[in-house]
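In what follows, a single structure is set out as structure tokens and then discussed.
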Amino acid sequence: MILVKDVMTENPLHVHASDLVTKVRSIMRERGYRALPVLEHDRLIGIIARGDVLRITSSKTNLLVEGMMNRNVITITPEEDLFSCTRRMIKSGIRQLPVVDNNKLVGIISSTDVLSAFVKNGYRPVKKRIGEIMTTDVIYCEQEDELSRIWDKMCSSGFSGFPVLKKGKVIGMITRGDIIREGSVRLSKESGRSRVVPVKKVIKTPAITTTANSKIEDAARIMTENKIIRLPVTDKEGHLLGIVDVEDILRAYVG
């Protein structure tokens, strides 16, 4: 049986309640973190999420982490098994869990860490085909859409990535991380001056996709090898049929 301690990242990067939110924002932009644990005297007291931090403009430099962090932190212990960990992630809708031992932060584990362990150790999902688990009501965008509009759609929908279409066919994915790294949306919001940048300037091609008839373990392998957390599902011609994300895949493993 694989335990959390076998998979977790030890001594994870963290911030303190007294840190400025602008410091956290810089870390998240530069390193791509979705959330960071918040410590006080080596004890975990909260977690701060990227979605909240990146809405803050540079003019609000006096905001502290303690004013934005979530104090109701869902944690896990090093001795719990990966199936318990997976179920807790799915139930809470959280992709990263701080690992705590005797009230001390000792690590962090993500949904991608868990999926990689399942793939590496040859675990078999309960369900078999992508078509059984995919979501068919997909939010997508077109290659000519403006980045600022897509950023707003991500914020309002809660999704951090959309398939990108050209003439009805999937040509790539656009993620919140892609938009952050490109930088024009942030500069526009901070300066108040609009900069029109189309999605096609940012996306990576060709698209990484799967099919409805593909085995779930094959899709899991594609995700882990490419370090991605969602896969558009297409037909043979490349038309969008649905999408699966890492949580969908993990549900198939734990039943």
Subject >> Residue match in the range 64-76 (condition: at pLDDT 95 or above, assigned to a loop (DSSP other than H, G, I, E, B) and either among the hydroxyl-bearing types (Ser, Thr, Tyr) or surrounded by 16 or more Cβ atoms within 10 Å (Cβ to Cβ) (or both)) >> reply: yes
Subject >> Search result, residues across the range 14-45 that are in contact (Cβ under 8 Å) with a residue 24 or more places away in the chain and part of a loop (DSSP other than H, G, I, E, B) >> reply: His14, Ala17, Ser18, Asp19, Gly32, Arg34, Asp42
**OP:** Give the range 222-244 a look and list any residue that's touching a strand residue (DSSP E or B) at 6+ places or on another chain (Cβ under 7 Å) and more than 25 Å from Lys167 (Cβ to Cβ), or say none.
**Re:** Met223, Ile229
**OP:** Would you mention how many residues in the range 116-153 are among the aromatic types (Phe, Trp, Tyr) and at pLDDT below 95?
**Re:** 2
Subject >> strands (runs of 3 or more DSSP E) contained entirely in the range 78-174, each with at least 2 residues that are crowded, with 16+ Cβ neighbours inside 10 Å and either at positive phi or among the small types (Gly, Ala, Ser) (or both) >> reply: 104-110
**OP:** Any chance you could count how many residues in the range 1-13 are within 20 Å of the chain's Cα centre (by Cα) and outside any strand (DSSP E or B)?
**Re:** 5
**OP:** Check off (1) in contact with a helix residue (DSSP H, G or I) (Cβ under 8 Å, 6 or more places away or on another chain); (2) modelled with pLDDT of 90 or more for Gly51 and give me the number that stays unchecked.
**Re:** (2)
Original post:
So is Asp178 closer than 15 Å to Ile229 by Cα, outside any strand (DSSP E or B) and out of contact with any strand residue (DSSP E or B) (no Cβ under 7 Å at 6 or more places or on another chain) or not?
Top reply: yes
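The values are calculated or read from the model by the stated rules, or taken from the named source; none is laboratory data. In this text, all values refer to a predicted model and were calculated from it rather than measured experimentally. Positions of Cβ are backbone-derived with ideal geometry, glycine not excepted, and every protein chain shown enters the neighbour counts.
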